[in-house]
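Working notes for the structure below.
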Amino acid sequence: MAFKPANNIQDLQYFGEFGGVNPSISDSSTYTFLSAKKMFDTFEGNADGCYLYSRHSSPSNLYLGEALAAMEGTETANVTASGMGAITPVLMQLCGADDHIVSSRTIYGGSYAFLKNFAPKFNIKTTFVDITKLDIVEASITKNTKVLYCESVSNPLLEVADIKGLSAIAKRHNLKLVVDNTFSPLSISPVKLGADVVIHSLTKFINGTSDTVAGVICGTQEFINDLRNVNNGACMLLGSTMDSFRSASVLKNLRTLHIRMQQHSYNASYLAEKFEADGLKTVYPGLKSHPSHELFKSMMNEKYGFGGMLTIDVGDQKKANDLMELMQEKNLGYLAVSLGFYKTLFSAPGSSTSSEIPENEQIEMGLSDGLIRFSIGLDADIKRTYQIMRECMEQLDILKPELV
Ligand SMILES: *Cc1c(COP(=O)(O)O)cnc(C)c1O
């Protein structure tokens, strides 16, 4: 059977206890057992279908987890209280003292800070590399390396990881390939390309309403069981569990993800082409000028496009700030971090979401002061949006009318 992520989501059915079209929300932290023996078996992990305590699992969280596992094509999944609450337990589960991680250097600021500043407290060391250079990735592996870590489309530079190539390296060296797929849900299916574990910050496109933080870990039943193990599971013991009310809410939003992703991609691709034609330095994986355009194409589920994220470089920080303030004034979007909202969101990563990365390293990876990261919204009339954006740029001498 062909792997069709959105269809799988649509096909999953869970009914409420009175035949409701949405599943009932499980509103309990603890669960009764008819016998003491059954409770013991559940603790030992030998009683499938029994719930013990909601930090371990709950019906609502399992519904959402199963829907996300279907989307990513994994055996199962575990939902968490945030994206970071998914990333950190995965890495702590896979690595112990003296272990080593090879990570892309262009990753989410929080993930970078965790690997650079926090994990070393447990003597877990990370080498940061240009993930697009497979020879450098492989050369960085040591006898202690346990994990290859990357984002399918990186934050904020929109570098694209060659997941098949990385997977081949991981298999050769017996490593786990962990991929954060937050920027490209539905468009890219990392497990199909050889990833072992896929993580999302559900906070972004998947939930899509900017009303919560949430996360998920998609993987094999064995790995998810390990994470939930009452004796040594990082999810169970670090405790970043999602609340049932929230997972019910995220599940309802997930039902429309396929439509939203198509619109985000359509709008972003329209603007990226216009901006580039106007002579702006534009980065969008859907542009032929993007160094990994062909690679993205070779990996993507075509229907969902190249995603909703793009960047432009307007030269310097003052111009970037002026433009973002003016666009907000014209109601084109919000000067805000995060992504995947119905409204366009923009921020300057150098001074916000990537400020954890030291300035010299920012320069080295091409993260300049004038860079604006856009999460393009669901605008119904993207032509009109472009017209007004262009007027803003002309007004600030970013686009000189006589030059374009
Ligand atoms: C936002 C984000 C995270 C962190 O997720 P939270 O839900 O904020 O904890 C991780 N990775 C990427 C790529 C993100 O954009």
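The values are calculated or read from the model by the stated rules, or taken from the named source; none is laboratory data. This is a predicted model, so every value here is computed, not measured. Here the Cβ positions follow ideal geometry from the backbone for every residue, glycine too, while neighbour counts run over all protein chains shown. Side chains are part of the model used for accessible areas, which takes the heavy atoms of the whole protein and leaves out ligands, DNA and RNA. Shrake-Rupley method; radii C 1.70, N 1.55, O 1.52, S 1.80 Å.
Given the structure, is K343 more than 16 Å from the ligand (Cβ to nearest atom), more than 27 Å from M84 (Cβ to Cβ) and among the basic types (K, R)?
No: the conditions fail for K343.
Across the range 9-51, what is the total count of residues that are outside any loop (DSSP other than H, G, I, E, B) and either charged (D, E, K, R) or out of contact with any Ser or Thr (no Cβ under 8 Å at 6 or more places or on another chain) (or both)?
11
Considering only residues that are out of contact with any strand residue (DSSP E or B) (no Cβ under 7 Å at 6 or more places or on another chain) and more than 15 Å from the ligand (Cβ to nearest atom), look in the range 147-168 and name the one that is least open to solvent (accessible area, probe 1.4 Å).
G165
Out of (1) open to solvent by 10 Å² or more (accessible area, probe 1.4 Å); (2) within 16 Å of the ligand (Cβ to nearest atom); (3) outside the structural domain of E151 (by TED's automatic domain parsing), the odd one out for M261 is which?
(1)
Go through (1) open to solvent by less than 30 Å² (accessible area, probe 1.4 Å); (2) part of a loop (DSSP other than H, G, I, E, B); (3) in contact with a helix residue (DSSP H, G or I) (Cβ under 9 Å, 6 or more places away or on another chain); (4) within 16 Å of the ligand (Cβ to nearest atom) for T209 and report which single condition fails.
(1)
Give the range 84-109 a look and list any residue that's modelled with pLDDT of 95 or more and in a helix (DSSP H, G or I), or say none.
M84, G85, A86, I87, T88, P89, V90, L91, M92, Q93, L94
Conditions (1) at pLDDT below 95; (2) more than 22 Å from V153 (Cβ to Cβ); (3) open to solvent by 50 Å² or more (accessible area, probe 1.4 Å); (4) in contact with a Pro (Cβ under 6 Å, 6 or more places away or on another chain), marked per residue:
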site	(1), (2), (3), (4)
G307	no, no, no, no
F346	no, no, no, no
P349	yes, no, no, yes
I357	yes, no, no, no
S375	no, no, no, no
D379	no, no, no, no
M389	no, yes, no, no
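Give just the number: which of (1) open to solvent by less than 70 Å² (accessible area, probe 1.4 Å); (2) modelled with pLDDT of 95 or more does T353 not satisfy?
Condition not satisfied by T353: (2).
Considering the range 1-43 alone, what residues qualify as being modelled with pLDDT under 85, small (G, A, S) and open to solvent by 40 Å² or more (accessible area, probe 1.4 Å)?
A2
Can you pull out every residue in the range 346-370 that is within 16 Å of the ligand (Cβ to nearest atom) and aliphatic (A, V, I, L, M)?
Within the range 346-370, A348, I357, M365, L367 qualify.
Taking the residues in the range 183-192 that are open to solvent by less than 10 Å² (accessible area, probe 1.4 Å) and within 16 Å of the ligand (Cβ to nearest atom) as candidates, determine which candidate is nearest to V137 (Cα to Cα).
P190
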